[in-house]
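None of the figures in this text is laboratory data; all of them are computed from the coordinates on show. What you see is a predicted model; the values in this text were computed from it and never measured. No Cβ is skipped: glycine too gets one built from the backbone with ideal geometry, and neighbour counts run over all protein chains shown.
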Amino acid sequence: MSAAEISTLDNGFTVLTVPGGTGSMSAMLFVGAGSRYETREVAGTAHFLEHLFFKGTPRRPTTLQIATEIDSLGCRFNAFTSEEYTAYYVKGAADYTADAVDVIADMLRNALIPADEVERERGVVLEEMKMYEDNPQAKVYQLIGKAIYGDTPLGWGVIGFPEVIKAVSRDEVAAYRQRFYAPGRMTLVIAGNINHALTLSLAQQYFADLPAQDLGTALPGSFNPPTNEHTERDIQQANICLALPCLSHAQPESEVTAARMMSAILGGSMSSRLFISVRERQGLCYSVSSSLDLAADIGTMVIYTGTDPGKASTAVASILEEMEKMVSGGVTADEVAKGKAMLKGRYVLDREDSMAQGYLAAAELLYRGKVSDQQEQFELIDAVTADDINQAAAKYLRPEEIRGALVGPPGLEVEQVIPLAAHAA
């Protein structure tokens, strides 16, 4: 894969090309604004707005017309919203790159957002909320966000609250668009069988005339004091998340890489310490894992497992024991070598198609102001030492800092599973 190329238009709009792959391309408009830019009164509007961009433009007045045009090209299109960014994309054959950008630009620039569609889409988003509510694993991840970030935008969840979606006005949704969909927050990224000259030409054609504007800012992230969140469901498993304050994208890449390796060794694979101990040796669960969830200025490490309610406290105790062993005993040379191989392998696997290449490059550009290549990333990984990983473990694997979340059957109390007193043990 060739090196990424980056340009900036006079209005602050960013143009990014990630060449490589086969005959496909993915065109994405990446907007550096998501749910953490909301207030409590309109929490969920960033995601609601994402839905409404698909509801027609003067040239393509209905969702059906937009979808039919994309389908007639053999392409796929969709969008997603996170806490810090929203993205709209079309993926298809490279021959249709210009057509893809034309559709995306039309949707984002000329969306009608008709009042009747706003009312209709409320029901769609409310049903989406119910879908996540009915999924215990999705629900426990929602609760762990609330546990670690509290009553703040990062703790509310991207999808927001039912009462807000039922009441938010079209004008309030449009106000979010007006404030945060500024060219200085936008990146047109095209990845795949493409060249930068075409990407830049398309960006100039469709986005150069957007007026520059001041960029709004989000409230700084902050951690909630250690606490537990709990919801009962008529289910057979206890779904558990443990979250620990961790580093952010603002930290040096070397520290982030060491922390990622620490998490991978602890619970990032089928040979990780948690998998071998909690699943293989004790048979307490089917799934157990750890991962980092990093934002621009704050971040967490999250450990998840699902287990029999009667064994839930044993599973948590076993997880805590493995954390403490890593801190007290450190990692082995074999684990360091394996961790490096894992991170390198995942770097390659995560970029197997044009969509992933474009998304990951745009996210890195948002957080780091640059796009690195494979050689740079492999050098970062190779430079990590056992001492670096041990320092990360000592800094972040602190049981007294755990915030917990539980979704389980009635009668299973969260303090029985994740006792607050044990946080200080």
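General observations
- Chain lengthening between Glu352 and Lys130 when straightened (0.36 nm per residue, less Cα-Cα): 76.6 nm
- Charge dipole of the chain about the Cα centre (unit charges at C-beta), most positive-ward option of Leu29, Thr332, Leu215: Thr332
- Segment Ala250-Phe378, extension gain: residue separation times 0.36 nm, minus the distance between their alpha carbons: 44.1 nm
- Label point at Thr332 placed 7 Å out along Cα→Cβ; residues across the range 254-276 whose backbone nitrogen lies under 19 Å: 261-276
- Paramagnetic label reach from Ala197 (point 7 Å along Cα→Cβ; backbone nitrogen cut-off under 17 Å): within the range 94-113, residues 95, 97-98.
- With the simple spin-label model, which puts each label point 7 Å out from Cα in the Cβ direction, the Ile276 to Ser222 separation comes to 4.2 nm.
- Once the Cβ-Cβ distance of Gln204 and Arg59 is raised to the sixth power relative to R0 = 25 Å, the FRET efficiency obtained is 0.80.
- Proximal lysines relative to Lys130, as straight alpha-carbon distance under 19 Å, when same-chain residues fewer than 8 apart are discounted: Lys139, Lys146, Lys166
- The label point for Asn78 and the one for Ala341, both projected 7 Å from the Cα toward the Cβ, are 3.3 nm apart.
- Using distinct alpha-carbon pairs, which all enter the 1/r mean, Kirkwood radius of the range 63-203 in Å: 17.6
- For Ser7 and Asp71, a Förster radius of 51 Å and the Cβ-Cβ distance give a FRET efficiency of 0.95, rounded to the nearest 0.05.
- 20 Å reach of a label modelled at Thr385, 7 Å along Cα-to-Cβ, counting backbone N of the range 248-289: 252-263, 265
- Partner aspartates and glutamates whose Cα lies under 16 Å from the Cα of Lys311, excluding those fewer than 8 positions away in the same chain, are identified as Glu280, Glu321, Glu413, Glu415.
- The range 228-424, Cα convex hull volume normalised per residue, Å³: 126
- Value of D in µm² per second that Stokes-Einstein yields for the chain, Kirkwood Rh from Cα pairs, at 20 °C (1.002 mPa s): 93
- By other beta-carbon atoms within 10 Å, ranking Ser2, Ser313 with the fewest at the front produces Ser2, Ser313.
- Sites Asp95 and Gln213, calculated FRET efficiency, Cβ-Cβ separation with R0 22 Å, nearest 0.05: 0.05
- Where Rh is the Kirkwood radius over Cα pairs, Rg/Rh for the range 126-191: 1.06
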